[in-house]
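Laboratory data are not the source of any read-out in this text; all were calculated from the coordinates shown. Because the structure is predicted, anything quoted here is derived from the model rather than measured. Note: ideal-geometry Cβ built from the backbone for every residue, glycine included; neighbour counts use all protein chains shown.
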């Protein structure tokens, strides 16, 4: 990876002046990923916060060619473009090397867009898919998604006498992508830019499909101050809610292992977010928080075993 000073002096491929919220994790993630893209790119962006806020007609914040895809078909869109490019290059009508990348929120990746993404990676198209995971359908008013963690308030997992937020644990999308036997899949966080950008470089260099799942704090949906985005992303990793790892050709590698007291209780992270405030007011809050912690500990131990089995 290039040195930080060199990267800082490179032209931006997502310009300022877009209308994403102050403190939104999505543009931070996009800028870090696109800064290491080796050449001209075609970008497919599914409907969501990133798309609607960077393409206010007649303006665009994208320097690369960008296609607005529907919620459900960013994977199909970018695979069609990649196929057309391969045909034109074979005919000698295009000589330049191009890169193909799709961005989608968790709604457009975990849920509505999963079928399209699954088909694209199963067919082996050469592209990078980046999910910016903010844990709900934030653009349409904070509805729960498959990425929403257990206990979180959303407008469709409300808090009241009969409900204490979302009842289910979040979907393990990265594991689903690994199960497709793709050559590269990884998780990342914007607080560790070196790790994220190194993984993005690997993804762009990978022949065939590559998948990046990047945590993307949302001040509006998480009910957090905009200046706490990076700190919250870091603490998500420290608590092992969002472990950093990569899977290259089936081999797991954990990129960060918090040791001793550096592995923080997930409750410390939850209490900083308004969407979990009710959990600390329930009569049985200790029981619920213990169950959430047990789930995270179990998933972390499973990940450690996957790495050990493949060393």
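As a rough guide to protection, the peptides 25-32, 264-271 ranked by mean Cβ packing within 10 Å, highest first, stand as 25-32, 264-271.
Taking R0 as 22 Å, what's the FRET efficiency between residue 251 and residue 301 from their Cβ-Cβ distance, rounded to 0.05? With R0 = 22 Å, the Cβ-Cβ based efficiency is 0.75.
The angle between the Cα long axis of helix 25-34 and the main principal axis of the chain comes to about 30°, on a 0 to 90 degree scale. Relative to the longest principal axis of the Cα atoms of the chain, the long axis of helix 285-309 lies at roughly 40 degrees.
Taking a ≥ b ≥ c as the square roots of the eigenvalues of the Cα gyration tensor, region 158-219 is oblate, since a/c reaches 1.5 or more and a/b is not larger than b/c. Judged by the mean number of other Cβ atoms found within 10 Å, the most tightly packed of the peptides 193-203, 213-223, 282-292, 79-89 leads the ranking 213-223, 193-203, 79-89, 282-292.
Using the Cβ-Cβ distance between residue 259 and residue 285 with R0 = 35 Å, the FRET efficiency computed as 1/(1 + (r/R0)^6) comes to roughly 0.75. Using a simple spin-label model with pseudo-atoms 7 Å out from Cα toward Cβ, residue 1 and residue 308 lie 2.9 nm apart. For region 9-309, DSSP calls about 30 percent of its internal beta bridges antiparallel.
Residues in region 64-85, backbone N under 20 Å from the label point at residue 115 (7 Å along the Cα-to-beta-carbon vector): list them, ranges by number please. Taking a point 7 Å out along Cα→Cβ of residue 115, the residues of region 64-85 whose backbone N falls under 20 Å are 69-81. For region 9-309, relative contact order (Cα pairs under 8 Å, six or more residues apart, normalised by length) works out to 16 percent. With contacts taken as Cα pairs under 8 Å at a separation of at least 6 residues, region 157-282 carries a relative contact order of 24 percent.
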